1. Got a number for residues in segment 14-34 being closer than 18 Å to D156 by Cα, in a helix (DSSP H, G or I) and either open to solvent by less than 10 Å² (accessible area, probe 1.4 Å) or in contact with a strand residue (DSSP E or B) (Cβ under 6 Å, 6 or more places away or on another chain) (or both)?
2. From the list I177, I85, I123, I105, pick out the single residue that is open to solvent by 90 Å² or more (accessible area, probe 1.4 Å) and either touching a helix residue (DSSP H, G or I) at 6+ places or on another chain (Cβ under 8 Å) or aliphatic (A, V, I, L, M) (or both).
3. Using the structure shown, decide if F139 is closer than 30 Å to K74 by Cα and either open to solvent by less than 70 Å² (accessible area, probe 1.4 Å) or of a type in the set (F, W, Y) (or both).
4. Could we say that L45 is open to solvent by 10 Å² or more (accessible area, probe 1.4 Å), at pLDDT 90 or above and out of contact with any strand residue (DSSP E or B) (no Cβ under 9 Å at 6 or more places or on another chain) here?
5. Filter segment 146-173 down to the residues that are at pLDDT below 80 and part of a helix (DSSP H, G or I) and list them by number.
6. Which members of segment 29-45 meet the condition of being among the β-branched types (V, I, T) and within 15 Å of the chain's Cα centre (by Cα)?
7. Does segment 88-102 hold any residues that are in a helix (DSSP H, G or I) and open to solvent by 30 Å² or more (accessible area, probe 1.4 Å), and which are they?
8. Just one of T57, T112 is out of contact with any Phe, Trp or Tyr (no Cβ under 8 Å at 6 or more places or on another chain), open to solvent by 10 Å² or more (accessible area, probe 1.4 Å), under 22 Å from I177 (Cα atoms) and modelled with pLDDT of 85 or more; which is it?
Amino acid sequence: MIFIGGMMVMVEGLGAAGFFRWLCLLMARLVKYRVIPILISFMLLSGFLSMFIDSITVMLFLASVTIELARLLKFDPVPVIIAEIFASNTGGSATMSGDPPNIIIGTHFNYTFTDFAANTGPIAWISMILVMGLFYLFFRKALRQQAAENPPKSPDQYPQPGEAIQNPRFFALSTAIFVLAVVLLVT
């Protein structure tokens with residue numbers, strides 16, 4: 001319970017610092033604000049973050065940024081959010097800290113973080129590749145059509161990742177705490 005509570009406090013700090021919005025805007029900028037690559041990259045981001053943060057919490061932040069980008073790029077956010085949910089659940093199953101049931105199972109069997117990840121991680125990431133392929137097949141036509149109707153503008157016309165950071169010192173501190181927590185979980 002203390003672990004979950006501590007994670008929630010840490011995640012709230014990350015959210016208040018603008019970490020999730022910054023990360024999503026950075027990913028969108030890296031893929032040049034193209035809809036299909038946003039789908040794939042946000043699924044990967046959702047799966048990866050869910051390995052260390054509770055899946056529901058990850059989805060709260062990612063969904064809000066996905067909706068913001070959908071308004072800017074004029075695409076339907078529902079397929080992307082559904083894909084992120086699947087990726088979040090899949091990524092969360094990869095580690096002990098990904099979801100509360102994993103913590104219960106891992107501690108009951110006296111698994112270390114590494115033991116749990118070695119047993120479930122490969123299966124989770126094989127599943128992630130399958131999920132990404134399925135969602136690409138299911139939604140590529142609709143998302144391509146929406147992207148063709150609204151070609152991307154210059155990257156400078158979209159919000160810059162740096163705009164998500166209101167307090168650089170708080171952002172750096174929150175990010176350092178998150179990185180430290182991940183390192184401590186893994187070791």
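The values are calculated or read from the model by the stated rules, or taken from the named source; none is laboratory data. As the structure is a computational prediction, the values presented were derived from the model and not from experiment. Heads up, the Cβs are rebuilt from the backbone with ideal geometry, glycines too, and the neighbour counts pull from every protein chain shown. Accessible surface areas use protein heavy atoms only, side chains included; no ligands, DNA or RNA. Shrake-Rupley method; radii C 1.70, N 1.55, O 1.52, S 1.80 Å.
1. 3
2. That would be I123, the only listed residue that is open to solvent by 90 Å² or more (accessible area, probe 1.4 Å) and either touching a helix residue (DSSP H, G or I) at 6+ places or on another chain (Cβ under 8 Å) or aliphatic (A, V, I, L, M) (or both).
3. yes
4. Working: open to solvent by 10 Å² or more (accessible area, probe 1.4 Å): yes; at pLDDT 90 or above: yes; out of contact with any strand residue (DSSP E or B) (no Cβ under 9 Å at 6 or more places or on another chain): yes.
Answer is yes for this residue.
5. From segment 146-173, those at pLDDT below 80 are 146-159; that's our starting set.
Residues satisfying the conditions are Q146, A147, A148, E149, P155, D156, Q157.
6. The answer is I38, I40.
7. Matches in segment 88-102: N89, P100, P101.
8. The match here is T112.
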